[in-house]
């Protein structure tokens with residue numbers, strides 16, 4: 001929802017300037033929550049997610065780049081990277097994000113909180129790590145970049161740390177290894193060839 005960042009990492013006070021429908025739709029929900037609090041007294045906590053990845057993500061649905069690449073590599077299909085692959089995102093393992101939801105709920109938090117690692121990783125780096133982990137033998141090919149795709153973003157999550165004690169604990173390398181191991185343990189599912197954008 002932040003669009004092209006004015007500064008990095010983005011904190012919760014960063015200007016909201018989405019450049020795609022997905023980002024605009026996420027921010028719209030926050031406006032409705034504010035309205036319901038003003039009019040009906042409904043309190044809420046918003047967790048602004050980074051790029052969440054991990055086991056059980058469907059590589060054939062509206063998945064993020066980790067699930068798409070992993071599914072394609074394990075099926076020995078052609079991996080396609082949209083754009084030059086230097087798009088940068090903040091990848092956080094699903095278990096860490098689930099824990100943030102539980103903490104916010106059980107501690108009765110109220111407000112808006114980023115979840116993030118505070119550092120960015122390129123799509124090319126994700127591709128390289130997954131290629132090594134899966135033993136994928138092909139080279140990626142590149143397709144045109146997607147319209148409305150933010151070039152680089154990663155999030156500052158100090159508010160979540162300070163107010164309800166959340167920080168991500170699963171390192172990216174470990175999370176990617178767990179993800180590949182999970183997909184390896186599942187029945188192989190043929191994926192539909194498509195480009196790998198950072199995705200959510």
- Quote the FRET efficiency, to the nearest 0.05, computed for residue 138 versus residue 36 with a Förster distance R0 of 30 Å and r equal to the Cβ-Cβ distance. 0.05
- Query: Can you tell which of 176, 33, 115 shows the greatest fluctuation in a Gaussian network model of the chain with Cα springs below 10 Å?
  - Reply: 33
- Message: If a paramagnetic tag sat 7 Å from the Cα of residue 162 along the Cα-Cβ line, which residues of the range 83-125 would have the backbone N under 14 Å from that point?
- Response: 112-114
- Query: Expressed as an acute angle from 0 to 90° and rounded to the nearest 10, what is the orientation of the C-alpha long axis of helix 172-185 relative to the principal long axis of the chain?
  - Reply: 60
- Among 76, 58, 43, the residue with the largest mean-square fluctuation in a Gaussian network model of the chain built from Cα contacts under 10 Å is 43
- Query: residue 125 to residue 151: extension gain in nm, 0.36 nm per residue of separation minus the Cα-Cα distance?
  - Reply: 7.9 nm
- Run the quick spin-label model on residue 49 and residue 102: label points 7 Å from Cα toward the beta carbon, then report their separation in nm to one decimal. 1.7
- Query: Nearest 10 degrees, 0 to 90: what angle lies between the long axis of helix 94-106 and the longest principal axis of the chain (Cα atoms)?
  - Reply: 20
- Helix axis angle, 65-74 relative to the chain longest principal axis, alpha carbon, degrees: 20
- Springs between alpha-carbon atoms under 10 Å, Gaussian network over the chain: tell me which of 41, 116, 135 tops the mean-square fluctuations. 41
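Every read-out reported here was derived from the displayed coordinates using simple, explicitly stated rules and does not represent laboratory data. Everything quoted here is computed from the prediction, not taken from an experiment. For neighbour counting, all protein chains shown are included, and Cβ atoms are generated from backbone atoms with ideal geometry for every residue, glycine included.
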